[in-house]
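Worksheet for the structure shown next.
The values are calculated or read from the model by the stated rules, or taken from the named source; none is laboratory data. Here the structure is a predicted model, which means the values were calculated and not measured. For neighbour counting, all protein chains shown are included, and Cβ atoms are generated from backbone atoms with ideal geometry for every residue, glycine included.
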Amino acid sequence: MNNIKNSEIKILMVDDNLDNLNLYSKYLKFYEYDVETAKSAKEAIEKIKKGSYYIVVTDMRMEKLESGFDVLDEINRNQLTTFVIILTANASVEGCRKACKNQAWDYISKTEDYNIAQEIDKSIKTAMIHLEKYKGHLEDKNWVDENREELLKKYTNQYIAVLHRKVVAFGESKDEIIKQLLEQKISPYLAYVESFRLELSRDKMTVFV
């Protein structure tokens with residue numbers, strides 16, 4: 001049973017078609033979700049860098065050579081905890097396969113004979129049930145914060161994946177972590193991932209997380 005309230009679920013809705021953007025965000029707000037919008041993949045990426053979202057709902061094809069996959073790639077590069085729902089008016093086996101390969105949570109066709117907003121709502125609810133089953137990532141993030149000094153010493157220049165207050169994978173790249181998680185039959189969505197890479201910034205050492 002999903003005990004996460006809709007008002008607690010922060011969603012980023014991305015579409016360069018303003019009519020669709022307003023329509024879908026209006027429906028999501030009707031379901032009482034906490035919704036922000038972005039009119040392009042570029043704007044969405046900027047918002048993702050500044051904040052965090054449970055769900056990103058993005059149109060697949062946009063103008064200016066942008067696409068929902070650019071948004072998905074950005075999320076995969078920087079975090080593994082956001083569920084991405086791809087919307088498309090041109091559903092294809094190739095597009096669906098690419099979405100799955102790049103760890104999209106869902107792939108919804110806008111050409112099917114159903115209420116798109118309801119389908120998005122169903123997908124979000126399923127994602128939250130999936131997330132809550134494993135108690136989400138907040139507990140693991142707090143554990144990392146509490147043990148940051150010790151973890152930094154042990155995993156300097158590494159990425160770590162934490163699940164249930166335990167480091168379940170670590171490596172020099174996220175691809176390496178994903179491979180380790182899948183070998184353990186752990187969905188990459190379930191683990192909290194953080195980077196302990198140390199990089200020189202001018203005359204001082206900076207930790208990027």
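What to note about this one:
- Every test in (1) at pLDDT below 90; (2) surrounded by 15 or more Cβ atoms within 10 Å (Cβ to Cβ); (3) closer than 29 Å to Y24 by Cβ is passed by I124 save one, and that test is (1).
- The residue that is nearest to the chain's Cα centre (by Cα), among those in region 4-19 that are modelled with pLDDT of 90 or more and over 22 Å from G51 (Cα atoms), is L18.
This table checks each residue for (1) modelled with pLDDT of 90 or more; (2) surrounded by fewer than 17 Cβ atoms within 10 Å (Cβ to Cβ).
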position	(1), (2)
N2	no, yes
L21	yes, no
Y24	yes, no
Y27	yes, no
E32	yes, yes
A38	yes, no
A41	no, no
V57	yes, no
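- Scanning region 140-162 for residues that are in contact (Cβ under 8 Å) with a residue 40 or more places away in the chain and of a type outside the set (G, A, S), we see that the one that is surrounded by the most Cβ atoms within 10 Å (Cβ to Cβ) is D140.
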